[in-house]
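None of the figures in this text is laboratory data; all of them are computed from the coordinates on show. Keep in mind the model is a prediction, meaning the values are calculated, not measured. Virtual Cβ from ideal backbone geometry, glycine too; neighbours counted across all protein chains shown.
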Amino acid sequence: MASEMDEMNSPKGRRDFVWQTTALSGALALMHAGAAFAQSPSPTHTRGGMAMSRSELKAFFERYIDALNAHDMDRMTEFVHERLTQHGKTIARDDVIASLKGHIEAVPDFKWRVVDLAIDGDTVAARLYNIGTPAKQWLGLQPTGATVEYGEFAFHKVRDGKFYEQNYAIDVLEVQRQLVGKK
């Protein structure tokens, strides 16, 4: 019992607990969004003034992930408004594209894999696992030849057939642990 408590109180144990708690909270949020999805009235999001159905939003998000995985960042003009809110700040689509291109330059084999997807109104929520092998400095860390796989929670809002808001959280501590062996 003492060794379990020591493990829980170690930095790794606390990080694992925080990540597991965060993952559980994200999963609960996705489940809640899924329940709301099943009960919600007609959608309020539009594409060219026409309401987008949930299946259209799902297909839209799948095309977005396909473009990301093809590393075709110039296609982001199809998915992202010219100006959008990201983590509470207004930014330009060109900044989103530059950031994505920077990730791909640093991690040439980067892939996004959708694990869970929920749609509620104009919000598309996803739990993803991302994988890749950094070839250059990335997230402030030097490449080690290690392939990293980590979780991400993403929440995108759609208006007129494009994202107007994006919020996401990645497990940077897990990336750090995998790249530099920190526990």
Exercise. In straight Cα distance, which aspartates and glutamates are under 13 Å from Lys58, not counting same-chain residues fewer than 8 positions off?
Worked result: Asp66, Asp116, Asp120, Asp122
Problem set entry | Set Lys89/Lys157; Lys111/Lys157; Lys101/Lys136 screened for pairs whose C-alpha atoms are more than 18 Å apart | Lys111/Lys157
Problem set entry | Alpha-carbon spread of the stretch 49-125, three principal axes, descending order, Å | 37, 28, 20
Exercise. For the residue pair Gln166 and Gln137, what label-to-label distance in nm results when each label sits 7 Å from Cα along the Cα-to-beta-carbon direction?
Worked result: 2.3
For this session: Can you check what the net charge comes to around Gly151, using other residues whose Cβ is under 9 Å from the Cβ of Gly151 (Lys, Arg +1; Asp, Glu -1)?
Result: -3
